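Contents: one structure, followed by commentary.
The values are calculated or read from the model by the stated rules, or taken from the named source; none is laboratory data. All figures in this text were calculated on a predicted structure; none of them were measured in a lab. Virtual Cβ from ideal backbone geometry, glycine too; neighbours counted across all protein chains shown.
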Amino acid sequence: MEGLRFECQPGCTACCEVEGQVHITEDDLTQIAEYVGMGREDFERKYVFRTRYLLRLRKPRHAQCHFLKDGGCSIHPVKPVQCRLFPFWPELVESRAQWNRTAKSCPGIHKGPLIQIEAARETAGEMRRAYPALYKNT
Ligand code: SF4
Ligand code: SF4
């Protein structure tokens, strides 16, 4: 791939509504808790599921994310790394097929400026560094 086109579409929240997990980093946890005015431990108890190597946001009963409110992300300035970097995730940047498949649910893919593949890979590298347990075998 030489480059990828992407431009997030105003008013769209499709990626927040797709079935999936929202992983967070320890820094995300600290920043989001502070942003919503909660102590870190209280926030974790209420909103976070912790396994040995990963943290992820708990899901509400009939939605994908507690923080999708009034048609937008209510924690936008401190949104988790994976939300901030989407769709420049390693598994999408490295596979034209996956990138094209994701375009069916993300209307921003194939639109906007051409982003050089090196720049896209650099962004994807931030994902790898943020969530080493997710990418340890790739
Ligand atoms: S689905 Fe794509 S266009 Fe829509 S908000 Fe997410 S990244 Fe932006
Ligand atoms: S944290 Fe914000 S951007 Fe991420 S899935 Fe939830 S509402 Fe969407």
Show the residue pairs meeting these rules: Cβ distance below 8 Å; 6+ apart or different chains; first residue within segment 57-80 and more than 18 Å from residue 11 (Cα to Cα) and within 7 Å of ligand 2 (Cβ to nearest atom); second residue part of a loop (DSSP other than H, G, I, E, B) and among the hydroxyl-bearing types (Ser, Thr, Tyr).
80/25
Can you report the number of residues in segment 31-53 which are touching a helix residue (DSSP H, G or I) at 6+ places or on another chain (Cβ under 6 Å) and free of Cβ contacts under 8 Å to residues at least 12 places away in the same chain?
2
Would you point out which residue out of 82, 98 is modelled with pLDDT of 95 or more, under 25 Å from residue 36 (Cα atoms), within 15 Å of ligand 1 (Cβ to nearest atom) and in a helix (DSSP H, G or I)?
82
Segment 1-30, residues that are surrounded by fewer than 16 Cβ atoms within 10 Å (Cβ to Cβ), outside any loop (DSSP other than H, G, I, E, B) and not small (Gly, Ala, Ser)
5, 17, 26, 27, 30
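Only one of 132, 80, 107, 90 is within 20 Å of residue 26 (Cβ to Cβ) and either hydrophobic (A, V, I, L, M, F, W, C) or surrounded by 13 or more Cβ atoms within 10 Å (Cβ to Cβ) (or both); which?
Working: 132 fails: either hydrophobic (A, V, I, L, M, F, W, C) or surrounded by 13 or more Cβ atoms within 10 Å (Cβ to Cβ) (or both); 107 fails: within 20 Å of residue 26 (Cβ to Cβ); 90 fails: within 20 Å of residue 26 (Cβ to Cβ).
Matching residue, one of 132, 80, 107, 90: 80.
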